[in-house]
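*Asks:* Below: one structure in structure tokens.
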Amino acid sequence: MSTHILVVEDEEKLARFTELELLHEGYEVDKAMDGRTALEMATHNNYDLILLDIMLPGLNGLEVLRRLGPDFGTPVILLTARDAVMDKVAGLDAGAVDYITKPFAIEELLARIRVALKQHNKMQNSDSSGDVSMGRIADGIYVWKGLKLEEKKHLVTYNGQEITLTNREFLMLKTLLENMDIVLSRDTLLEKVCGYDYVGETNVVDVYVRFLRSKIDDIYDIKMIQTVRGVGYVIKSE
Ligand code: CA
């Protein structure tokens, strides 16, 4: 379940270069070389993000954007020429979330993609905060906002990106997720994560929480695991 990006660019070299960089970042990539193909692909696939060049053969990028319509749910970042101020304005008016001027530094493009994906995700969460599924959504599958833990696959992802956890970190996260909104004491967590016969300090629980936060909360700028002073830890559905 990786993040899927459509790159719409008729300059072959630039399209290929962008594709390689995105693949390197772990994104899944499709390419379209003209406006009609782009429109077709965008309509029939559920992309997470679209990079859309404005100057395209056939339909130009702005026209593609207009035809996708105001309710098209996928964030679009426009690729524009340096001096095309009107294109930028028209593009943002037509629903693009951002634009980047060519030639661009790949680091800047990647940063803008990350921001657009993050904002989109936040928006989706707040749009549906009433009925969003949290906690156990199926046997052995737990969800908290963008985070998903699949017990059988031993897999944790955030917005589709895999997070590598040790066995004990995984167990700790699973225990907190399956007890969502319940504050768990260090003793309870210790027992779940290290077993009944563990002999040692309960502050190993704090250590694992710190590891989890450094791998998830800090990376994705979220507050998932909350400390309840003098009691323990909890993940709240809010
Ligand atoms: Ca072009």
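Rule-based calculations on the coordinates, nothing more; no lab input. Here the structure is a predicted model, which is why all the values come from computation and not from measurement. As a convention, Cβ positions derive from the backbone with ideal geometry for all residues, glycine included, and neighbour counts pool all protein chains shown.
*Asks:* Taking the Cα-to-Cβ direction at residue 223 and at residue 86 and moving 7 Å from each Cα, how far apart do the two end points lie in nm?
*Replies:* For residue 223 paired with residue 86, the spin-label model returns 4.8 nm.
*Asks:* Please tell me which of these pairs span more than 30 angstrom C-alpha to C-alpha: 118/192; 88/148; 102/145; 118/236; 31/152; 88/236?
*Replies:* 118/192; 88/148; 102/145; 31/152; 88/236
*Asks:* Would you list 170, 211 from fewest to most Cβ contacts within 10 Å?
*Replies:* 211, 170
*Asks:* OK, next. Quick one: dipole size for segment 135-235, taken about the Cα centre, charges +1 on Lys/Arg Cβ and -1 on Asp/Glu Cβ, in debye to the nearest 20.
*Replies:* Once rounded to the nearest 20, the dipole reads 200 debye.
*Asks:* Hey, could you pull the Cα Rg and Dmax for segment 135-235, both in Å?
*Replies:* Cα radius of gyration and Dmax of segment 135-235 are 12.8, 37 Å respectively.
*Asks:* Based on the alpha carbon coordinates of the chain, what radius of gyration and maximum Cα-Cα distance (Dmax) apply, in Å?
*Replies:* In Å, with Rg to one decimal and Dmax whole: 21.6, 70.
*Asks:* Restricting to Cα pairs below 8 Å that are 6+ residues apart, what does the relative contact order work out to for the chain? Please round to a whole percent.
*Replies:* 12 percent
*Asks:* Positive end of the charge dipole of the chain (Lys, Arg +1 and Asp, Glu -1 on Cβ, about the Cα centre): tell me which of 156, 193, 94 has its Cα farthest that way.
*Replies:* Farthest along the dipole direction, towards plus: 193.
*Asks:* Between residue 213 and residue 118, 0.36 nm times their residue separation minus their Cα-Cα distance comes to what?
*Replies:* Answer, rounded to one decimal: 32.4 nm.
*Asks:* Follow-up question, since we're still on this one. Ranked by Cβ crowding within 10 angstrom, fewest neighbours first, how are 25, 238 ordered?
*Replies:* So the ranking, lowest neighbour count to highest, is 238, 25.
*Asks:* Still on this structure, please answer the following. Which whole-Hz ³J(HN,Hα) couplings does segment 67-74 yield from phi under the Karplus relation 6.51 cos²θ - 1.76 cosθ + 1.60, θ = phi - 60°, glycine and proline marked x?
*Replies:* Taking θ as phi minus 60°, the curve returns 6, 5, x, x, 9, 5, x, 8 Hz for segment 67-74.
*Asks:* Shape verdict for segment 4-127, please, from the Cα gyration tensor: rounded (a/c under 1.5), prolate (a/b greater than b/c) or oblate.
*Replies:* rounded
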